[in-house]
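The values are calculated or read from the model by the stated rules, or taken from the named source; none is laboratory data. Please read all numbers here as calculations on a predicted model, not as lab measurements. Positions of Cβ are backbone-derived with ideal geometry, glycine not excepted, and every protein chain shown enters the neighbour counts. Surface accessibility is based on the protein's heavy atoms, side chains included, excluding ligands, DNA and RNA. Shrake-Rupley method; radii C 1.70, N 1.55, O 1.52, S 1.80 Å.
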Amino acid sequence: MTSNTPSNEDPSKLTSETGEKLPVPASVLRENPEPTNASEPIPLGLTALFFVLIFIAGIYLALNSGGFRSDVFSPDLVSWSGAGAGGAAAPVDPKVVGKRIFTQNCVVCHQTTGLGMPGQFPPLAGSEWVIGGDWVGDNHIVSVLLHGMQGAVQVKGSTYNNAMPPWKQLKDEQIAAVLTYIRSEWGNNAAPISTEYVKSQRDKTIARTEPWSQKELKAMAAESAGAAAAAPAPAAATSSPSK
Amino acid sequence: MNQPSHSSHHEDTEVRTLSNEARAAIDASTRGPVILFLGSSIFWLVIGTFLKLLADWQLTIPTLLDCTALFTYGRIEPAQNNILLYGWASTAAFGAGLWVTARLSRVPLLHKKLLTSAGIIWNLGVLLGTVGILIGDGNSIPGLDFPGYASPILLIAYVLIASWIIITLRQRQPGALFASQWFIFAGFLSFPWLYATANILLVWHPVQASAQGPIASWFLENITNLWLAPVAIGTGFYVVPKLVSRPISSPSLSVLGFWTLILFGSWTGIGSLMGGPVPAWMMGAGVAASIMAIIPVLSIAINLHLTLRGKYSAMSWSPALRFTVFGLYGFFFSGVLATLFALPSFNAVIQFSDVVAGASLLSLYGFVSMTFFGAIYYIVPRLIDAEWPCVKLIRWHFWFALSGLVLSVSALFLGGLLQGFAQFDVASTFRSSIEFVSPFRFLAAISSVLLLLANLSFAFSFVLMLLKTGKSESGPALLNEPTENSLETLAV
């Protein structure tokens, strides 16, 4: 094959150990010469692009390195002066958490609109059970969530007869978050429920194993979460049950 | 001989000569070990792709083969991943790296019996590690699943194999080093550093938990960036100029690509820990390195593109060039996408989605495997004095591989994006994110059938080759009739 430059090397170095002449495969015979380098420069545009990239990366590193401190975990919490390191993360909005819990657990019956299903599942939007009514207080809705409810129930003038499962497996802050969410969504405008209030209700009804009926709940004095939270011990009911 | 006129001006003619007899002598010395490495790598490729097929279908049909713990997803998935990483890609890297280094150093391999034994030990290590994963001893660290009793065997075998690269390089004929030699040498030096460090700190004597995340992601990224990528690129830098008979366009770009790959490539891994329990500067440094990692990608891809410019038509008939060029495309796309996905706004969405699986498939199969396929199509006829016997099998290999890869990567990217956005949305549940991605996982499972067909065609072709069914008098295996310039067909 003529495409190869003749060797100027000592061929004895390159024959096999036995010294025999090796057959040369056809694929080796047709090979091009060994690769070499041309000498074209790096394209100018590419060089410029590389400097721009290094500049961007440098700026990014300067702004997001958290001062190269080992105790800074979020670059937003530190400035180049090093002040403000280690601040607490922003508190989570209970309504956002509540929306997530609602989507995961409640939406099947009560629907994303909060209107429920006529005749089957009661609505939450405008419901006296959620925002408070003539005999319904904040302790009732927390109790219903913790232990469930069954039997006939009147909501906004209609009667429903179905079962609400207990949700005591949720944590206090999760129950507080989902209640805060349903009390502020779909036109509802009731005060948020605090984690402490859910805990106090859970402690109070800890022995309960059965779901509530409307009759049992009616016998319970209504309380307001705000009033209960203000006093260290659960305050006496401010409004007596009607009837 | 009619060299392309522009290249003859600049060649360092005094050092780049090698007679056909000298080539044949070097090839005769590398024959045993290189055929052992390439053959066993193809064996592992078929086993790995078969297990990958099984794992991908288990994502669609969870009850598939759930009769015994041996075949559960939690074992099949790490087994296929580690087989493809160590059994296939690393073993093929040994074969290709040794052959290219011996050719460019212009010396035959010495004491190859010891090297062959090291190759057998390596394969036994991979076998032991795979069995270890399947019987439940795996480590659950991606890329490091081989149990602690298998990895020392791999390291010992590795040190022996890598010594041959160093010995061959030291005994080279005088003359300047070629780019392929630096890349391959750097790759072979990196592996023991990466593998020993990660095994000591994560498997044998685990460090405190908060430090394990950064080490694991550093290792996983660098096993590609510093070990497989340099060897594949080094092989490409040899095969491409040999096939198109052109010098490498710009040596300055080669140097720039090499050093920026070593420098920035090794830092990119920790950027993926975004939001994790690591100091902010680690993510900052990782993202900055990922932005700069586009420099080696562009340098290497553009350098090889300028070398190939005007000669791309040879892809239509040369199997080696076709696979190598697609490997180069794979390198370019996976590099650009790796930078894009590392940006915090993207990373926040795709961090825990199938996009990550798609990106690693693109890099391992689209870049590393395609490049090694090309190299194997080039190397093997020279080693065993036969031609590839069946053009149809090569065609099947290429088209099944390409269609499987494109289908799989696009399904994982699209499904992964939907999954990522669903995970990112605070009001949507984890279950709904899985429901979004499941049809795309079905597509990915179908495409792994295509990948298995491709690799089976390749393995069958290789076995026929070893049986020397392709007579050398019949001429080289060409995928198509070459066009006008008949000189170029010679380079196949």
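Some points to look at:
- Some residue of the range B:364-387 being outside any helix (DSSP H, G or I), within 14 Å of chain A (Cβ to nearest Cβ), touching a Gly at 6+ places or on another chain (Cβ under 6 Å) and buried (at least 18 other Cβ atoms within 10 Å of the Cβ): yes
- Test for B:Met274: is it surrounded by fewer than 21 Cβ atoms within 10 Å (Cβ to Cβ), more than 8 Å from chain A (Cβ to nearest Cβ) and more than 16 Å from B:Trp193 (Cα to Cα): yes
- Residue within the range B:293-309 that is touching a Phe, Trp or Tyr at 6+ places or on another chain (Cβ under 6 Å), open to solvent by less than 10 Å² (accessible area, probe 1.4 Å), modelled with pLDDT of 90 or more and over 17 Å from B:Gly234 (Cβ atoms) present: yes
- Restricting attention to the range B:232-250, the residues that are small (Gly, Ala, Ser) and more than 9 Å from every other protein chain (Cβ to nearest Cβ) add up to 3.
- Some residue of the range B:251-259 being facing chain A (nearest Cβ under 10 Å), polar (S, T, N, Q) and open to solvent by 20 Å² or more (accessible area, probe 1.4 Å): yes
- When B:Gly269 is tested against (1) modelled with pLDDT of 95 or more; (2) open to solvent by less than 30 Å² (accessible area, probe 1.4 Å); (3) more than 11 Å from every other protein chain (Cβ to nearest Cβ), only condition (1) is not met.
Residues are listed down the side, and each one gets a yes or a no for (1) open to solvent by 80 Å² or more (accessible area, probe 1.4 Å); (2) among the aliphatic types (A, V, I, L, M); (3) at pLDDT below 85:
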{"site": "A:Ile54", "(1), (2), (3)": "no, yes, no"}
{"site": "A:Tyr60", "(1), (2), (3)": "no, no, no"}
{"site": "A:Asp138", "(1), (2), (3)": "no, no, yes"}
{"site": "A:Trp167", "(1), (2), (3)": "no, no, no"}
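- Residues located in the range A:174-222, provided they are among the hydrophobic types (A, V, I, L, M, F, W, C), in a helix (DSSP H, G or I) and either at pLDDT 85 or above or open to solvent by 40 Å² or more (accessible area, probe 1.4 Å) (or both): A:Ile175, A:Ala176, A:Ala177, A:Val178, A:Leu179, A:Ile182, A:Val198
- Consider the range B:51-61 and keep the residues that are of a type in the set (A, V, I, L, M, F, W, C) and touching a Leu at 6+ places or on another chain (Cβ under 6 Å). The one that is farthest from B:Phe436 (Cα to Cα) is B:Leu53.
- Residues that are more than 7 Å from every other protein chain (Cβ to nearest Cβ) and open to solvent by less than 10 Å² (accessible area, probe 1.4 Å) within the range B:277-290 comprise B:Val278, B:Gly286, B:Ala289, B:Ser290, listed in sequence order.
- Entry remark, the range A:133-173: residues being outside any helix (DSSP H, G or I) and under 20 Å from A:Lys199 (Cβ atoms) number 8 in total.
- B:Ser117 meets each of the listed conditions (1) farther than 30 Å from B:Leu177 by Cβ; (2) open to solvent by 50 Å² or more (accessible area, probe 1.4 Å) apart from (1).
- Identity of the residue in the range B:79-95, polar (S, T, N, Q) and surrounded by 23 or more Cβ atoms within 10 Å (Cβ to Cβ), that ends up farthest from the other protein chains (Cβ to nearest Cβ): B:Gln80
- Of the residues in the range A:92-112, at least one is assigned to a loop (DSSP other than H, G, I, E, B), more than 9 Å from chain B (Cβ to nearest Cβ) and either modelled with pLDDT under 80 or more than 22 Å from the chain's Cα centre (by Cα) (or both).
- The residue list B:Leu110, B:Leu98 contains one member that is out of contact with any Asp or Glu (no Cβ under 8 Å at 6 or more places or on another chain), touching a residue at least 24 places away in the same chain (Cβ under 8 Å) and open to solvent by 10 Å² or more (accessible area, probe 1.4 Å), which is B:Leu110.
- Top-ranked residue of the range A:146-162 - restricted to ones that are in contact with a Pro (Cβ under 7 Å, 6 or more places away or on another chain) and open to solvent by 60 Å² or more (accessible area, probe 1.4 Å), ranked as nearest to A:Glu216 (Cα to Cα): A:Gln150
- Whenever a residue of the range B:290-311 is touching a residue at least 40 places away in the same chain (Cβ under 8 Å) and closer than 9 Å to B:Gly257 by Cβ, its partners that are buried (at least 24 other Cβ atoms within 10 Å of the Cβ) and of a type in the set (Val, Ile, Thr), lying with C-beta atoms within less than 6 angstrom and at least six residues away or across chains, give the pairs B:Ile300/B:Ile233.
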